[in-house]
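Novice: The structure's right below; bear with me while I get my questions together.
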Amino acid sequence: MNPVQSRILAAVLSLIALSAVAFGQAGMQPAAFGHRGGFDSLLGRMGDYLELTDAQRTQMKSIMAKEKGTMRPLMQQLAQSNQQMRQLEEASTFDEGKVRTLATQQSQALTELMVQKARIKSEMVQVLTPDQKTKLTAFEAKQQARFQRHFKGAPAASSEEPSNQ
């Protein structure tokens with residue numbers, strides 16, 4: 001896998017994680033994630049790992065609450081377009097034009113989600129101390145290495161970081 005593919009894959013996987021957060025905040029549960037928890041669960045695991053204070057946790061919850069109104073329609077749009085794509089895939093005849101149109105719409109929604117993810121992460125990182133930022137950067141580097149090993153077929157090394165379950 002080349003570096004560009006790795007970055008795209010990492011971005012998509014980040015969006016999946018962010019989608020779980022957004023669905024949790026929006027009060028929706030996507031079947032693909034199979035469990036509840038959303039942002040509170042993610043914040044709990046990462047908060048424990050980064051040793052966030054109660055004030056930091058409150059600030060991060062506030063950031064997500066502020067972004068909820070933007071995230072909800074994007075997540076609903078993606079869920080709807082995923083359902084439409086499944087219908088097109090299962091249709092008796094393949095309509096490439098409709099698939100391309102829908103793929104373009106999904107691409108635009110994913111682009112908006114990536115922008116939102118970057119905005120949210122930027123705001124949340126500002127809440128962290130320098131030591132917590134260093135710890136987060138190291139965690140993300142280890143995760144990136146795990147993704148790369150996974151897609152190259154090598155087993156991922158065990159680590160002390162919180163699980164993504």
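Novice: Can you tell me how many residues within region 47-61 are surrounded by fewer than 15 Cβ atoms within 10 Å (Cβ to Cβ), part of a helix (DSSP H, G or I) and either among the hydroxyl-bearing types (Ser, Thr, Tyr) or at positive phi (or both)?
Specialist: Residues in region 47-61 being surrounded by fewer than 15 Cβ atoms within 10 Å (Cβ to Cβ), part of a helix (DSSP H, G or I) and either among the hydroxyl-bearing types (Ser, Thr, Tyr) or at positive phi (or both): 1 in total.
Novice: Taking the condition surrounded by fewer than 16 Cβ atoms within 10 Å (Cβ to Cβ), in a helix (DSSP H, G or I) and hydrophobic (A, V, I, L, M, F, W, C), does ALA109 pass?
Specialist: Values: surrounded by fewer than 16 Cβ atoms within 10 Å (Cβ to Cβ): no; in a helix (DSSP H, G or I): yes; hydrophobic (A, V, I, L, M, F, W, C): yes.
It is false that ALA109 is surrounded by fewer than 16 Cβ atoms within 10 Å (Cβ to Cβ), in a helix (DSSP H, G or I) and hydrophobic (A, V, I, L, M, F, W, C).
Novice: Right, next: What residue, among those in region 62-97 that are of a type outside the set (A, V, I, L, M, F, W, C), part of a helix (DSSP H, G or I) and touching a helix residue (DSSP H, G or I) at 6+ places or on another chain (Cβ under 7 Å), is modelled with the highest pLDDT? Talk me through it step by step, then tell me what you get.
Specialist: Pass one, region 62-97, residues of a type outside the set (A, V, I, L, M, F, W, C): 62, 66-70, 72-73, 76-77, 80-84, 86-87, 89-90, 92-93, 95-97.
Then keep just the ones that are part of a helix (DSSP H, G or I); that gives 62, 66-70, 72-73, 76-77, 80-84, 86-87, 89-90, 96-97.
If we keep only those that are touching a helix residue (DSSP H, G or I) at 6+ places or on another chain (Cβ under 7 Å) as well, we get 67-68, 70, 72, 77, 81, 84.
Details: GLU67: 88, LYS68: 86, THR70: 88, ARG72: 88, GLN77: 89, SER81: 91, GLN84: 94.
Step by step, filter region 62-97, then rank; the result is GLN84.
Novice: Looking at ARG100, ARG119, which one is loosely packed, with under 15 Cβ neighbours inside 10 Å, closer than 30 Å to GLN56 by Cα and either among the aliphatic types (A, V, I, L, M) or at pLDDT 90 or above (or both)? It would help to see each step written out before you state the result.
Specialist: On the way: ARG100 fails: closer than 30 Å to GLN56 by Cα.
Among ARG100, ARG119, only ARG119 is loosely packed, with under 15 Cβ neighbours inside 10 Å, closer than 30 Å to GLN56 by Cα and either among the aliphatic types (A, V, I, L, M) or at pLDDT 90 or above (or both).
The values are calculated or read from the model by the stated rules, or taken from the named source; none is laboratory data. Values in this document were obtained by computation on a predicted structure and should not be read as measured data. Don't worry about glycine lacking a Cβ; one is built from the backbone with ideal geometry, like all the others, and counts go over all protein chains shown.
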